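Quick note: the coordinates plus some simple rules give every number you see, no bench work behind them. Just so it is clear, the structure is predicted and the values come from calculations on it, not from any experiment. Cβ sites come from the backbone with ideal geometry, for glycine too, and all protein chains shown count toward neighbours.
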Amino acid sequence: AARLSGGENRLVSLPLSRIRVIMKSSPEVSSINQDALFLTAKATELFVQYLAAYSYKHGRGKEKDALTYSDLSHTAEECETFQFLADILPKKILASKYLKMLEKEKRDGEVEGDDEEDEDEAVDEDVG
């Protein structure tokens, strides 16, 4: 069903075997109908094409005649339709910037932790 009569031209670009593996990874799935497999592959392919076209049209890559990762991540962040992809397509940041963010979070966590310890000590003094 996934091939035309010529055998060379495929109706879907994605490998059906991989899609079958992904579908079977769900515990609710026991068997997969060949038609369901084909339709899932085709729907996925069309979705990826739509995401790419939308990202290209609304992104900055159009200026360079190229679709970039930042175009995709911007689309996932800004377009409500694609926001479910925001965790999968996060904005890229430099490692140095990420390390600074971690350091800041660590410092902020220590400050909050110190306040909690002071409260615990005050409770202990009142009880004793």
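Listed values, structure above:
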read-out	value
Given 57/104; 64/92; 24/57; 24/106; 24/64, the pairs whose alpha carbons are separated by over 30 Å	57/104; 24/57; 24/106; 24/64
Cα-centre dipole for region 16-108 with unit charges at Cβ (Lys and Arg positive, Asp and Glu negative), debye to 20	380
